[in-house]
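The values are calculated or read from the model by the stated rules, or taken from the named source; none is laboratory data. As the structure is a prediction and not an experimental result, all values here were calculated from the model. Note that we place each Cβ from the backbone using ideal geometry, even for glycine, and neighbour counts take in every protein chain shown.
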Amino acid sequence: MQQHTVSIICTVRDEADNIAALLDSMLMQTRTADEIVINDCQSVDETPAIVAAYAARYPQIKLVRGGHNISSGRNNAIRHARGPLIASTDAGLILDPHWLARIIAPLETGDADLVGGFFHPTPRSLFALALGETNYRRSSEIDPLAFLPFGKSMAFRKEVWEAVGGFPEWASHCEDLLFDLAVERAGFRRVFVPEAVVHFAPRSTLRAFIRQYYLYARGDGRAGLWSQRHALRYAVYLTLSGLMGIALNQPRLRAPIGALIGLGVAAYTRGPYRRLWPKLRGRPLGERLFALALVPLIRLVGDVAKMVGYPVGLWRRLQHNGRAAG
């Protein structure tokens, strides 16, 4: 297998508390990167100084500056990369030592133009554990043909990035999915390599989680993504509200409606409970009960955050289209 020049790229902003761990994991790869391009996107903390200190010790690390969001920051990093093969990741992560070798392999064998790796939660609290097992599926649960790579764990030929015009800089969220879809429309080949793993810490508080999912859904609305999926969510909750209203006004229907709702909740939480339960072994009973109780709460709160965020993004999309048409 021919080896090509490979560049790892990452754009960061105010990541002083975790950038060293990410850089260390980049340097400990079994397949050494020819260069590591870190783009600083308007940090006001010590992030650039930490990266510069690493660059002084390791000549393969390059610090560049530019961009106003993650899309433009990634594009700036890629423009400064000299390798024909690009491996992209994000701040706040730890790369598995074999990540680069595995995610680059299909590009070097000529079997793909875009490669999607995977990501595993590494929780630092009981809440984060419940969140990670509720909202993040195992790689075995993923349809490899339908999986769209995330910017935190992807690799591609630089010529592919050039052909589709890079990451869309107007998008502050969902930019990686928009990039994937553009690559797909252009006819390039995509593969999923679940063994190429990065590790991330799920949000540690309910408030941080709500903000995350609100922003994700706002990005979906702004980009016009997954409209049917969001419409289905509204329909389900409207139906649920209607059933609860009927149950309040029709006492004789409360039991069957309650049973129906219970079955729905059980089906919606079955996967999360199946993933979470083995992780709770050995924990005190109180912690196990608390974590189990969090699952339906996380599902509900996440859905509400999405239902609030999506119309905000859609409204911004309509405003933008109206200004463009005018």
Tell me whether the stretch 102-120 contains one or more residues that are among the charged types (D, E, K, R), part of a helix (DSSP H, G or I), at pLDDT 95 or above and under 21 Å from the mean Cα position of the chain (by Cα). yes
Spot the failing condition for Leu22; the list is (1) under 19 Å from Ala105 (Cα atoms); (2) within 20 Å of the chain's Cα centre (by Cα), and only one is missed. (1)
From the list Asp96, Asp45, which one is buried (at least 21 other Cβ atoms within 10 Å of the Cβ) and of a type in the set (Asp, Glu)? Asp96
Hey, can you tell me all the residues within the stretch 165-198 that are out of contact with any Leu (no Cβ under 7 Å at 6 or more places or on another chain) and in a strand (DSSP E or B)? Val191, Phe192, Val193, Pro194, Glu195, Ala196, Val197
Pair list, Cβ < 7 Å and 6+ apart or interchain, from the stretch 119-134 residues that are in the same structural domain as Phe192 (by TED's automatic domain parsing) to residues that are of a type in the set (Asp, Glu): Leu126/Glu287
Which pairs do you get when a residue that is at positive phi, found in the stretch 225-243, comes within reach of a residue that is part of a helix (DSSP H, G or I) and among the acidic types (Asp, Glu), reach meaning Cβ atoms under 7 angstrom, with the pair 6+ apart or on two chains? Trp226/Asp220
Output the number of residues of the stretch 1-49 satisfying the condition of being hydroxyl-bearing (Ser, Thr, Tyr), touching a residue at least 60 places away in the same chain (Cβ under 8 Å) and in a helix (DSSP H, G or I). 1
Could you tell me whether the stretch 305-322 includes any residue that is in contact (Cβ under 8 Å) with a residue 60 or more places away in the chain, assigned by TED's automatic domain parsing to the domain that holds Ala217 and in contact with a Leu (Cβ under 7 Å, 6 or more places away or on another chain)? yes
Identify, please: which residue in the stretch 141-164 is more than 28 Å from His68 (Cβ to Cβ) and either assigned to a loop (DSSP other than H, G, I, E, B) or free of Cβ contacts under 8 Å to residues at least 40 places away in the same chain (or both) and is, among those, nearest to the chain's Cα centre (by Cα)? Phe147
Count of the stretch 101-116 residues which are in contact with a His (Cβ under 7 Å, 6 or more places away or on another chain) and buried (at least 21 other Cβ atoms within 10 Å of the Cβ): 0
Looking at Arg31, Arg124, Arg74, Arg79, can you tell me which residue is closer than 25 Å to Leu215 by Cα, surrounded by 15 or more Cβ atoms within 10 Å (Cβ to Cβ) and among the basic types (Lys, Arg)? Arg74
Could you please let me know if Thr89 is surrounded by 21 or more Cβ atoms within 10 Å (Cβ to Cβ), assigned by TED's automatic domain parsing to the domain that holds Arg185 and over 20 Å from Val160 (Cα atoms)? no
Do any residues in the stretch 168-187 that are without any contact (Cβ under 8 Å) to a residue 24 or more places away in the chain have Cβ atoms under 7 Å from those of residues that are of a type in the set (A, V, I, L, M), where the two are at least six apart or on different chains, and which pairs are they? Ala182/Val164
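Table: residues versus (1) modelled with pLDDT of 95 or more; (2) charged (D, E, K, R).
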| position | (1), (2) |
| --- | --- |
| Leu248 | no, no |
| Pro251 | no, no |
| Leu285 | yes, no |
| Leu300 | yes, no |
| Pro311 | yes, no |
| Arg317 | no, yes |
| Asn321 | no, no |
| Ala325 | no, no |
From Ser153, Ser204, Ser227, Ser172, which residue is under 24 Å from Gly302 (Cβ atoms) and in contact with a strand residue (DSSP E or B) (Cβ under 6 Å, 6 or more places away or on another chain)? Ser153
